[in-house]
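Heads up: the structure comes next, in C-alpha cells.
The values are calculated or read from the model by the stated rules, or taken from the named source; none is laboratory data. Not measured: the values here are computed from a predicted model. Glycine also receives a Cβ, built like all others from the backbone with ideal geometry; neighbour counts cover every protein chain displayed.
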Amino acid sequence: MADGQPGSSAPEVLPGAAETAHLRVDNVTKRFGAAKAVDNVSFAIPRGAFATLLGPSGCGKTTTLRMIAGFYDPDEGDIVLSGKRINQLPAHRRGTAMVFQDYALFPHMTVKDNVGYGLRVAGVPGKERERRVAETLEFVGLGGLGHRWPNQLSGGQQQRVAVGRALVVRPQILLLDEPLSNLDAKLRESLRWEMRELQQQLRMTFIYVTHDQDEALSLSDWIAVMNQGRVEQAGTPWEIYYRPRTEFLADFVGAVNLVPAIARDVRGATAVLAFGGARVPVGLPPGVSVREDQEVRLSVRPESLWLASAGATAQGMISLAGTVARRAFLGDIMRYWINVDGREWIVDQADPGAGVAFEGSVSLMLRPERAHVIVPATPAELSSG
Amino acid sequence: MTSLRREPSLLLALLVVTGLVLLFIVYPQVRVVATPGGSGYADFFSGGSWVRPLQNSLSVTALSTTTAVLLGFVYAYAMVYTDMRGKPFFRLVGILPLLSPPFVVAAAYILLFGPRGIITYHVFGQSPNILGLFGIWGVQTIAFFPFSYQLIADVLSRSDARLEQAARNLGAGPWQVFRSVTLPLTRPGLGAAILTTAIYVLEDFGNPALIGGLYTVLPTQAYGLISGFGDLSGAAAVSTILLGLALVIYVAKLRLDGGRQYVTVSGKASSIPRPPVPRWVSWAAFIACSLCALVILLVYGTLVVSALTLAFPTNLGFTTQHFEYVGAHSLSLRNTLVYGLVAATLSGIFAVLAAFLVERGRWRGRRVLDFLLIMPAAVPGLFFGLGYATAFNEQWLDWVDRGALITISMIFWNIPVGYQAAVAGLRQIDRSIDEAATSLGASGLRTFRDVLVPMLGGSVRVGFTTTFVRAVTTLSVVIFLFTTQSTTATITIFQLVGDFNWGGATAFTVADVGMAIIALVVIAVLGRGRVSLGAARG
C-alpha cells in the first residue's frame with residue numbers, strides 16, 4: 001500500500017478542531033525559576049478526542065497537563081475550555097478530573113468511598129451516589145470489590161479504581177498522567193486497549209500524558225510530541241510516525257535511519273535526495289521547503305527497508321550494496337545493522353523464522369515513497385495550533 | 001492549594017492562624033521583652049544582680065547537661081546496640097520520668113539525702129547541707145538523663161544498620177564501626193540531642209527552686225524578683241536574658257537537625273538487626289542500666305512510700321490519709337486533667353491546620369510563620385508564662401477565665417511538637433493525593449478535612465499526647481498564671497513541698513503521674529498501641 005493514509009495531508013490538529021475545540025492551549029509558557037518548563041505552547045483538541053502529549057521526561061508534558069488541571073498557573077498564555085478562558089478558575093472547579101501515575105488513591109477509604117468521593121464533594125445524595133458508584137465499578141471491571149481497601153488491590157486494580165474515581169464525576173475532560181507506567185508490560189498492554197475502549201464508549205475527551213511511544217501511537221487520535229518545553233510536532237499517529245519533521249522526533253518515536261543527503265532537482269513539492277551514489281526522489285510534506293543543494297536528512301524506518309542477496313534489484317526500488325555488520329534476534333523481528341559506504345543502516349526483517357538470515361554482502365532495498373525528508377534545525381515553524 | 005486569592009476560605013484560615021500566632025506567641029513575648037524599657041534595662045544591667053545567676057545558670061547547665069547526656073548515651077547505646085536482658089523493663093523505666101514533673105526528683109532527693117533524709121540521717125546519722133550547686137547538679141542529672149536517653153536513642157536507632165553491617169563485613173571491629181561509621185553519621189543528631197537537653201536544664205525552674213538554696217539561677221531569680229519583691233521589670237529583664245540564651249542554643253540545634261523535635265516512643269524494636277557487640281559490653285551495659293534504673297526507681301519508690309506512710313521517713317506506718325487529702329483537694333487534679341485534655345485537643349488541631357497552610361501553601365512569608373510556630377520550643381516556660389501574665393493581666397480582660405488562659409498558654413507553648421510532626425507527616429503524603437481530591441472537586445480546606453487529617457492520625461497523636469503530658473508536668477508556665485480556682489497539680493505539689501507537707505506533696509505527685517499514665521494508656525488503646533511523645537519539660 002502507498003502512504004495514502006487519511007489525514008496525511010497533515011493539519012496540526014484534527015479536522016475542524018480549531019473551530020470546535022474542546023480545549024485550547026494558547027501560547028502558554030511556564031517558568032520554574034529561570035528555566036522554561038513550557039515554552040510558548042499552543043494546540044487545540046476537539047471534543048471527544050483521545051489526545052496524547054508525548055515526550056521524554058522533562059519535556060514539559062506533565063507541566064502542561066497540570067496547567068490544564070489548574071495545579072500550576074501559566075506565566076503567559078491562555079487555557080480555554082469549551083470556549084471559556086479558565087486560567088483564573090481554581091483547580092477544584094474546572095471539571096478536569098485526573099488519573100495519576102501513582103494512582104493517588106485515598107488509603108483511608110475503601111474502593112467504594114474512593115470512587116464515591118467526588119460525588120460526595122459535589123453533594124450527590126446517598127442513594128444516587130451508591131447507584132453511580134456501583135455502576136462505575138461495574139464499568140471499570142471492579143464489581144464486587146467495593147469493600148476492599150486500596151492496599152488489598154493489585155496495581156492494575158488500583159489503576160482501575162483511579163480511573164473509575166475520575167470518571168464517576170463525569171468530568172468535562174479526563175486527564176491521565178502516565179497512568180500505566182507503574183504496571184508491568186503485559187498488563188500495560190491489555191489495559192491500554194481497555195482505556196481506548198472506555199474512551200470510545202464514553203466519547204469523552206481524554207488528554208493522556210506518556211513517554212511511551214507505543215502507548216501514544218496505539219491509543220491516540222492525536223499526538224503532540226514535546227521536547228524541551230515546546231511542541232515539536234502535532235498530528236495523527238500516522239503523521240507522527242511516518243512524517244516526522246525533526247530529527248528529534250524521528251529518533252524519539254521508534255528507530256529510524258537518518259542519512260545525510262543533499263537536495264537536488266527541487267521542483268515544487270518534490271526533490272531528489274542524493275547521498276553516496278544513490279538518488280532518491282521524495283515528496284515534500286506541506287509547509288516544508290528545501291533549497292537546491294541544501295543539506296538535509298533522508299529518514300526511513302527500519303521496517304520499510306528490505307534485504308536481498310547481493311546484487312539483487314527490483315522494479316521501483318533503489319538498491320544499495322552493503323555488508324551485514326551485526327544482527328540481533330528480537331523475537332518478532334530480526335534487526336540488522338548494514339554497513340553501506342561506511343554508514344550503518346538499521347533494517348528490521350519481519351517474521352525472521354520464515355526467511356533466511358543474511359550474512360556478508362547484501363543488497364539493501366529502499367522504496368522511495370517510504371522515505372521522507374527532514375530539514376535539520378528548523379524549530380521555529382514547528383509549534384502547532 | 002494553588003492560590004489563596006482563588007480560595008477565600010483558605011485565606012481566611014491563614015489569617016486566623018496568623019492572628020492567633022501573633023496574639024498568643026509573639027505578642028506576650030514582645031510584652032515581656034519590652035516591659036523593663038530602656039531605662040529599666042540600663043538600671044538592671046548596671047545593678048549587676050544578674051551576673052551571679054547568669055554565671056550559675058551557665059555552670060549548672062554545662063555540668064548537668066554533660067552528666068545527663070553521658071548517662072543518657074550509655075543507656076541509649078545499651079538499648080539500641082546491645083542484646084542485654086531486660087530491655088522492655090529498662091524501656092519502661094526510661095519513659096516514667098517523662099510523665100512526671102522533673103522537680104519531683106528534687107523532692108525525692110530531699111527525702112533521701114536531706115538533713116533528715118532516710119539515707120543521710122537514718123542510715124549514716126548525718127545532716128548535710130545539700131542545697132546549692134551540687135544538689136542541683138545531681139538532681140538535674142537524674143531528672144534529665146531519661147530525656148537525653150530518649151533523644152539519643154532516637155538518633156542512634158535511625159542510623160542505618162546496613163552501613164554498620166557493611167563495615168563489619170569489611171573487617172572493622174564493633175568499636176571501630178561505632179567510631180568510624182555510626183558516630184560520624186549521627187553527629188548532627190547527637191549534637192542536637194545534647195543542645196535540646198541543655199535547653200531543658202537551662203530552663204528548669206522546679207529543681208533549683210526546691211534545692212538551690214542561695215544558689216540562684218536565672219529562672220529562680222526571675223521568680224524570686226516577682227514573688228518576693230513584686231519587681232516585674234527586673235523579672236522581665238532576667239527572663240529576657242534566659243530567653244536569649246535558650247534561643248542561641250535552639251538556633252544552634254536547628255542548624256544541626258533542621259528542626260526535628262519529637263521522638264517516637266513505641267514498643268517495636270528496629271527490624272534490621274544490628275551487628276552483635278561483644279558479650280562483656282552487653283553485660284557492662286546491663287549493669288550500667290540497672291544502676292540507672294535503680295536510681296529512677298529509688299526516686300519514684302520514695303515518692304510512693306512517702307505517699308503511703310504517716311511521716312516519711314520517721315514514721316513508716318501505713319496510711320491512706322495523704323490520698324484522702326488529695327481527694328479533698330482534688331480541684332487542682334481536675335483542673336490539670338481538663339486543661340491538659342482541652343489544650344491537647346486544640347493544640348493538635350491547630351498544629352495540623354498550621355502545618356497544612358505552611359507545608360502545602362505557596363504564599364510568601366510562610367517561612368516566617370514556620371519559624372514562629374517552632375519558636376516556642378526555645379522559649380523557657382517561665383518566660384512564656386510571664387508573657388501571658390504580662391500581656392493578658394489587663395483590667396478589661398478580667399472576664400477571661402484564668403483556666404482558659406492557662407489552657408491557651410499550654411496550647412501555644414506546645415505547638416512546635418505537633419506542628420513539626422504534622423509537617424513531617426505531610427511531607428510523607430505525596431501531593432498527588434491532595435491533587436486527586438482537588439481534581440475531583442474538593443476545595444483546599446475540604447481536601448484537608450477529608451483526606452489529609454485522617455491520614456495524619458499519627459502526627460495528630462504526637463501533638464496531642466505531648467501537649468497533654470506537658471500540661472500535666474509543667475510548673476514553670478503556670479506559676480505566674482494560676483489562681484486559687486485555676487490551680488494545677490504541679491502548683492499544688494510545689495506549694496506543699498514549700499510547706500514541708502511531704503505526705504501531701506508525694507501523694508499528689510503519685511496521683512498526678514498516675515493520672516497521666518492512665519490517660520496515656522487510654523490514648524494508646526484508642527490510638528492502636530502507639531504512643532508518640534515529644535520529650536516533656538518542666
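Data table
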quantity	calculated
Count - residues of the stretch B:283-316 that are among the small types (Gly, Ala, Ser) and over 25 Å from B:Ser127 (Cα atoms)	5
Residues of the stretch A:103-123 that turn out to be among the hydroxyl-bearing types (Ser, Thr, Tyr) and in a loop (DSSP other than H, G, I, E, B), as a count	2
Condition broken by B:Asp512, with the remaining ones in (1) farther than 27 Å from B:Leu202 by Cβ; (2) charged (D, E, K, R); (3) modelled with pLDDT of 90 or more satisfied	(1)
Every residue from the stretch B:393-446 that is touching a residue at least 12 places away in the same chain (Cβ under 8 Å), part of a helix (DSSP H, G or I), within 20 Å of B:Gln485 (Cα to Cα) and of a type outside the set (A, V, I, L, M, F, W, C)	B:Arg402, B:Gly403, B:Thr407, B:Ser409
Residues of the stretch A:142-171 that turn out to be surrounded by fewer than 17 Cβ atoms within 10 Å (Cβ to Cβ) and within 12 Å of chain B (Cβ to nearest Cβ), as a count	1
Residue match in the stretch A:81-92 (condition: buried (at least 19 other Cβ atoms within 10 Å of the Cβ) and closer than 13 Å to A:Thr205 by Cβ)	yes
Qualifying positions in the stretch A:118-141 - more than 14 Å from chain B (Cβ to nearest Cβ) and over 22 Å from A:Gln201 (Cβ atoms)	A:Pro125, A:Gly126, A:Lys127, A:Glu130
Residues that are more than 17 Å from B:Ala68 (Cβ to Cβ) and at pLDDT 90 or above, drawn from the stretch B:163-209	B:Ala209
Residue ranges of helices (runs of 4 or more DSSP H) in the stretch A:151-264 with at least 2 members among the hydroxyl-bearing types (Ser, Thr, Tyr)	A:237-242
Residue satisfying all of: in the stretch B:404-432; within 14 Å of chain A (Cβ to nearest Cβ) and among the small types (Gly, Ala, Ser); nearest to A:Ala104 (Cα to Cα) among these	B:Ser432
Subset of the stretch B:433-458 that is under 23 Å from B:Leu15 (Cα atoms) and polar (S, T, N, Q) - its residue that is farthest from the other protein chains (Cβ to nearest Cβ)	B:Thr447
The stretch A:349-370, residues that are crowded, with 20+ Cβ neighbours inside 10 Å and not polar (S, T, N, Q)	A:Phe358, A:Val362, A:Leu364, A:Leu366
Yes/no for A:Leu119 being farther than 15 Å from A:Leu174 by Cα and either surrounded by 16 or more Cβ atoms within 10 Å (Cβ to Cβ) or touching a residue at least 12 places away in the same chain (Cβ under 8 Å) (or both)	yes
Test for A:Glu292: is it within 30 Å of A:Ser57 (Cβ to Cβ) and in contact (Cβ under 8 Å) with a residue 12 or more places away in the chain	no
Wholly within the stretch A:279-385, strands (runs of 3 or more DSSP E) carrying at least 2 residues that are over 24 Å from the mean Cα position of the chain (by Cα)	A:295-300, A:305-309, A:318-329, A:333-340, A:343-350, A:361-366
So A:Arg148, is it basic (Lys, Arg), in the same structural domain as A:Leu23 (by TED's automatic domain parsing) and assigned to a loop (DSSP other than H, G, I, E, B)	yes
Among the residues listed as B:Leu475, B:Leu372, B:Leu481, B:Leu382, the single one being touching a residue at least 60 places away in the same chain (Cβ under 8 Å), among the aliphatic types (A, V, I, L, M), touching a Lys or Arg at 6+ places or on another chain (Cβ under 8 Å) and away from every other protein chain (no Cβ under 14 Å)	B:Leu481
Test for A:Thr29: is it part of a strand (DSSP E or B), at pLDDT 95 or above and surrounded by fewer than 19 Cβ atoms within 10 Å (Cβ to Cβ)	yes
Candidate set from the stretch A:52-69 (those that are more than 13 Å from every other protein chain (Cβ to nearest Cβ) and assigned to a helix (DSSP H, G or I)); member that is nearest to A:Arg24 (Cα to Cα)	A:Thr64
Residue within the stretch A:197-207 that is within 18 Å of A:Ser42 (Cα to Cα) and under 12 Å from the mean Cα position of the chain (by Cα) present	yes
Selection count, the stretch A:70-114, where residues are within 10 Å of another protein chain (Cβ to nearest Cβ) and either closer than 23 Å to A:Ala44 by Cα or aliphatic (A, V, I, L, M) (or both)	20
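Rundown of residues vs (1) among the hydrophobic types (A, V, I, L, M, F, W, C); (2) assigned to a helix (DSSP H, G or I), yes/no style:
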site: B:Gly458; (1), (2): no, yes
site: B:Ser476; (1), (2): no, no
site: B:Phe482; (1), (2): yes, no
site: B:Ile493; (1), (2): yes, yes
site: B:Met515; (1), (2): yes, yes
site: B:Ile518; (1), (2): yes, yes
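Table: residues versus (1) buried (at least 16 other Cβ atoms within 10 Å of the Cβ); (2) modelled with pLDDT under 90; (3) assigned by TED's automatic domain parsing to the domain that holds A:Met365; (4) touching a Ser or Thr at 6+ places or on another chain (Cβ under 6 Å).
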position	(1), (2), (3), (4)
A:Tyr242	yes, yes, no, no
A:Pro260	no, no, yes, no
A:Phe275	yes, no, yes, no
A:Ser299	yes, no, yes, no
A:Ala314	no, yes, yes, no
